[in-house]
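The values are calculated or read from the model by the stated rules, or taken from the named source; none is laboratory data. Just so you know, these numbers come straight off a predicted model, no measurement behind them. Cβ placement follows ideal geometry from the backbone for every residue including glycine, while neighbour counts extend to all protein chains displayed.
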Amino acid sequence: MTIDVVPLDFDASPDLAAGYHRVAGGLHAPGPPLSPRLFRLWVERGWRSVPSETHLAVAGGEVIGGVTLHLFDRDRLGDALIRVLEVAPGHRGRGVGSALLGVARERARAHGRSKLVVEAKDDGFLARHGFRSVYTEARRVLHRSRQAGDSPGPSGYTFETTVGPTPPGRLAEMVPLLDAMNDAPTDDHEVDAERWTTGLIRVYEDTWAPAGQTVYTTVARAADGEAAAFTRVFVDADEPEGWARQTDTAVLKRHRGRNLGFHVKLRNTARMFAAEPGVERVITWNAVSNRHMIAINERLGYEFLDVWRIWELRA
């Protein structure tokens, strides 16, 4: 069988794009699948709207595999992120994945990148190709029936939840909260601190609606009005299996030690479940070394699902 490796343009080749989704849309199994709209965002530019390129393995007109590279253009300029590297189950073990990885390495070098980075559950294929594991994370799932009950928050703080993009008058206060995400453990994964501006936040949030995402954000506000902590849950309008995704949570340093991380997540999840009767479970992921956040999640009712890793290879 002849296999051709071709670049993908989503607009010009909708059939190839649909084939790629069939092959790779379930890459997070047994976690939530990526719906077609979310998959396109995930592949084409990601949440941060970075340049990308995708190459597909095609045999007999059928997409049997693909690889997507994200090429950071604001930070991490030496890295190329392999966002997706998937081969259809019936075509594995035949060198397709190795060929696609070879294309990724060639393209990374062509863009002047010195390091390939990939997040994957795999501990065989990547290791055999010279990648080393630099970061270990565990995924956990909260079922609606196991969510923690209501709990009074710490004195001196109020909690407010918004649905959708940040109101314009609140954008500036989100900058330090998102910057605080840089305090999360990264183990041996060397990454530049991500610095936010109100403009970058708006670019990020403008991706939500086209991808069919309803986003719940809860902020803890101190008595002096300062936004002290936040958390977010994403609900995909096209998700058929009842999943939501718990993403960022951060507390400003001067407000830590008051269980604010727990309380913003508790209130945000409760609000989301009340508004989204079709959602039955929420997935989240944390560095295995982030014992503090893992303890919070287990207190909320999350249960262990599986382990993923971030792998690196000098291109």
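Being in a loop (DSSP other than H, G, I, E, B) and in contact (Cβ under 8 Å) with a residue 60 or more places away in the chain is the filter; apply it to region 194-218 and report the residue that is farthest from Ile294 (Cα to Cα).
At the first step, the residues of region 194-218 found to be in a loop (DSSP other than H, G, I, E, B) are 194-197, 206-212.
Of the ones still in play, those that are also in contact (Cβ under 8 Å) with a residue 60 or more places away in the chain are 194-195, 207, 210-212.
Numbers: Glu194: 23, Arg195: 25, Thr207: 28, Pro210: 32, Ala211: 29, Gly212: 29 Å.
Filtering first and then ranking leaves Pro210.
Yes/no per residue for (1) assigned by TED's automatic domain parsing to the domain that holds Gly156; (2) acidic (Asp, Glu); (3) touching a strand residue (DSSP E or B) at 6+ places or on another chain (Cβ under 7 Å):
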| position | (1), (2), (3) |
| --- | --- |
| Val191 | yes, no, no |
| Glu194 | yes, yes, no |
| Ile201 | yes, no, no |
| Glu205 | yes, yes, no |
| Gly212 | yes, no, yes |
| Asp224 | yes, yes, no |
| Asp238 | yes, yes, no |
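Pull out all pairs, ordered by first then second residue, where Cβ-Cβ is under 8 Å, the residues are six or more apart or on different chains, the first lies in region 41-57 and is among the β-branched types (Val, Ile, Thr), and the second is buried (at least 19 other Cβ atoms within 10 Å of the Cβ) and assigned to a loop (DSSP other than H, G, I, E, B).
Val50/Phe72; Thr54/Leu8
Does region 208-240 hold any residues that are crowded, with 17+ Cβ neighbours inside 10 Å and either of a type in the set (S, T, N, Q) or farther than 25 Å from Ala270 by Cβ (or both), and which are they?
Gln213, Thr214, Thr217, Thr218, Thr231
Is it the case that Asn268 is touching a residue at least 40 places away in the same chain (Cβ under 8 Å), buried (at least 17 other Cβ atoms within 10 Å of the Cβ), in a strand (DSSP E or B) and touching a strand residue (DSSP E or B) at 6+ places or on another chain (Cβ under 8 Å)?
Considered against the rule, which asks whether it is touching a residue at least 40 places away in the same chain (Cβ under 8 Å), buried (at least 17 other Cβ atoms within 10 Å of the Cβ), in a strand (DSSP E or B) and touching a strand residue (DSSP E or B) at 6+ places or on another chain (Cβ under 8 Å), Asn268 comes out as no.
Mind checking which residues of region 1-28 are assigned to a helix (DSSP H, G or I), within 24 Å of the chain's Cα centre (by Cα) and surrounded by fewer than 16 Cβ atoms within 10 Å (Cβ to Cβ)?
Residues satisfying the conditions are Ala18, Arg22.
Please enumerate the residues belonging to region 79-120 that are out of contact with any helix residue (DSSP H, G or I) (no Cβ under 7 Å at 6 or more places or on another chain), of a type outside the set (D, E, K, R) and surrounded by 15 or more Cβ atoms within 10 Å (Cβ to Cβ).
Scanning region 79-120 gives Leu81, His91, Val96, Ala99, Leu100, Leu101, Val103, Ala104, Ala108, Val117.
Residue-wise test of (1) crowded, with 18+ Cβ neighbours inside 10 Å; (2) more than 22 Å from Arg139 (Cβ to Cβ); (3) outside the structural domain of Asn182 (by TED's automatic domain parsing); (4) small (Gly, Ala, Ser).
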site	(1), (2), (3), (4)
His255	yes, yes, no, no
Ala274	no, yes, no, yes
Gly278	no, no, no, yes
Ile283	yes, no, no, no
Ala287	yes, no, no, yes
Ile294	yes, no, no, no
Leu300	yes, no, no, no
